[in-house]
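All remarks here apply to the structure that follows.
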Amino acid sequence: MKIVLASASPRRKELLQLIGLNPEIIPPDINEVVRPAEAIDAFLERVTISKGIEVYKKKHFSHLLISADTVVLLNDSLIGKPADRDDAFRMLNQLSGQRHEVLTGLALMYHGDTRFAISRTHVYFKPLQEREINFYLDHENFMDKAGAYAIQGRAAIFVERIDGCFFNVMGFPLNLFYRMLGERELDLYA
């Protein structure tokens, strides 16, 4: 079965390769702005499925199409991707010493059927000093990351613990993906 990943995220591709899959990558081009009064779960479902549909319309309906979107919530407020370094500093300063939630919407499309689910992980940051945040920002690519950090990079030292799926925090919940395949009776290893 051919697999298409509707994402520009190199981490999602790497995680699928980690479990032995080699998806074709087709980045979607959609608006990822939260609508006024839109609940976060509804936003994730709309954006994640829209990413898949845009790629699906390019005649990939005979393949397994995967799309995902990851967001960070702090006290029920959305923390997106930073606009610049100052914005990234502000985000990390807000996350300092706090518990936040990472949510990834995951959609699978196959032969006209769409399945959607959300993975939720709580992440606990240690209190951060300004010098730690500045060092991180000086040495990491933070611009394309929700919450301005990647748990698999230097920000790993900021994390005291997580409750939930580690791979979800990286942007692709592998266990949820595998469960969703099983629910559809799709066996990638047959």
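The values are calculated or read from the model by the stated rules, or taken from the named source; none is laboratory data. Model, not experiment: these values are computed from the prediction. Quick reminder, even Gly has a Cβ in these numbers, built from the backbone with ideal geometry, and neighbours come from all protein chains shown.
Considering only residues of the range 122-142 that are out of contact with any Leu (no Cβ under 6 Å at 6 or more places or on another chain) and among the aromatic types (Phe, Trp, Tyr), which is farthest from residue 103 (Cα to Cα)?
Of the residues in the range 122-142, the ones out of contact with any Leu (no Cβ under 6 Å at 6 or more places or on another chain) are 122-124, 126-132, 134-142.
Restricting the remaining residues to those that are among the aromatic types (Phe, Trp, Tyr) gives 124, 135-136, 142.
Numbers: 124: 14, 135: 27, 136: 23, 142: 18 Å.
In this case the residue turns out to be 135.
Quick check, is residue 131 of a type in the set (Lys, Arg) and under 26 Å from residue 58 (Cβ atoms)?
Numbers: of a type in the set (Lys, Arg): yes; under 26 Å from residue 58 (Cβ atoms): no.
It is false that residue 131 is of a type in the set (Lys, Arg) and under 26 Å from residue 58 (Cβ atoms).
Among what's in the range 127-173 and is of a type in the set (D, E, K, R), surrounded by 13 or more Cβ atoms within 10 Å (Cβ to Cβ) and free of Cβ contacts under 8 Å to residues at least 40 places away in the same chain, pick the residue that is nearest to residue 82 (Cα to Cα).
In this case the residue turns out to be 140.
If the requirement is being of a type in the set (Gly, Ala, Ser), within 17 Å of the chain's Cα centre (by Cα) and more than 30 Å from residue 187 (Cβ to Cβ), which of these qualifies: 97, 80?
Exactly one of 97, 80 is of a type in the set (Gly, Ala, Ser), within 17 Å of the chain's Cα centre (by Cα) and more than 30 Å from residue 187 (Cβ to Cβ), namely 80.
Can you tell me how many residues in the range 137-184 are out of contact with any helix residue (DSSP H, G or I) (no Cβ under 6 Å at 6 or more places or on another chain), basic (Lys, Arg) and not in a loop (DSSP other than H, G, I, E, B)?
Residues flagged as out of contact with any helix residue (DSSP H, G or I) (no Cβ under 6 Å at 6 or more places or on another chain), basic (Lys, Arg) and not in a loop (DSSP other than H, G, I, E, B) within the range 137-184 amount to 2.
Give me the pairs, please: first residue somewhere in the range 1-27 and within 19 Å of residue 111 (Cα to Cα), second residue anywhere and surrounded by fewer than 20 Cβ atoms within 10 Å (Cβ to Cβ) and aromatic (Phe, Trp, Tyr), beta-carbon distance under 9 Å, and either six or more positions apart or on two chains.
1/110
Give, as residue ranges, the strands (runs of 3 or more DSSP E) completely inside the range 40-128 that count at least 1 residues that are of a type in the set (Asp, Glu) and at pLDDT 95 or above.
99-110
If you go through the range 78-105, how many residues are in contact (Cβ under 8 Å) with a residue 60 or more places away in the chain and within 17 Å of residue 32 (Cβ to Cβ)?
9
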